[in-house]
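Heads up: the structure comes next, in C-alpha cells.
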Amino acid sequence: MMREDTTEISKIRTFVHERFAAEVGLSSTELSEENLTLADVVRCSPNITNSVDLMECFARTSNAVRREYGIRVRLPAYPGNTTIKTLVDSFIEQVELELTKEARA
C-alpha cells in the first residue's frame, strides 16, 4: 500500500471513530477504552437505548464516510460483546477493500 493510501486510511479511521462517538453521544476518549463493547455503549450513551438505535448510529456513520470520502461501507450485525476497536477495524477493512477495487479499475 502506498504512503498516500496509508495516510488516507489513517484519516478515515479517525473520522469513523469521531463520527461514531458523536452519533452515540460519547467522547472519542470514552470510546477509546480498550475493552469497551457495543453493549457498554448502549448502556452509557445518552443518545441510544437499544440495539436498533445503535444500528442507526452505524448507518449514519457509514453514510458520513460515503459522503465525505466516496466509499461505501457495509457492516454485518455484531453481537453486544464486540469491542469498539473491532467495529472501527471492520470499517477500515471495508475502506481498504474499496480503495483496492478503485485502484484496480
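The values are calculated or read from the model by the stated rules, or taken from the named source; none is laboratory data. Treat the numbers as computed from the prediction; the structure is a model and nothing was measured. Backbone-built Cβ (ideal geometry, glycine too); neighbour counts: all protein chains shown.
The residue that is nearest to the chain's Cα centre (by Cα), counting only those in the stretch 24-48 that are in a helix (DSSP H, G or I) and of a type in the set (Ser, Thr, Tyr), is 28. Within the stretch 34-47, is even one residue in contact (Cβ under 8 Å) with a residue 40 or more places away in the chain, within 18 Å of residue 102 (Cβ to Cβ) and surrounded by 15 or more Cβ atoms within 10 Å (Cβ to Cβ)? No, every residue in the stretch 34-47 fails to be in contact (Cβ under 8 Å) with a residue 40 or more places away in the chain, within 18 Å of residue 102 (Cβ to Cβ) and surrounded by 15 or more Cβ atoms within 10 Å (Cβ to Cβ).
In the condition set (1) in contact with a helix residue (DSSP H, G or I) (Cβ under 8 Å, 6 or more places away or on another chain); (2) modelled with pLDDT under 90; (3) surrounded by fewer than 17 Cβ atoms within 10 Å (Cβ to Cβ), residue 7 is compliant with all but (1). One residue alone among 88, 16, 65 is modelled with pLDDT under 90 and not in a loop (DSSP other than H, G, I, E, B), and that residue is 88. Consider the stretch 49-69 and keep the residues that are more than 15 Å from the chain's Cα centre (by Cα) and loosely packed, with under 14 Cβ neighbours inside 10 Å. The one that is nearest to residue 91 (Cα to Cα) is 52.
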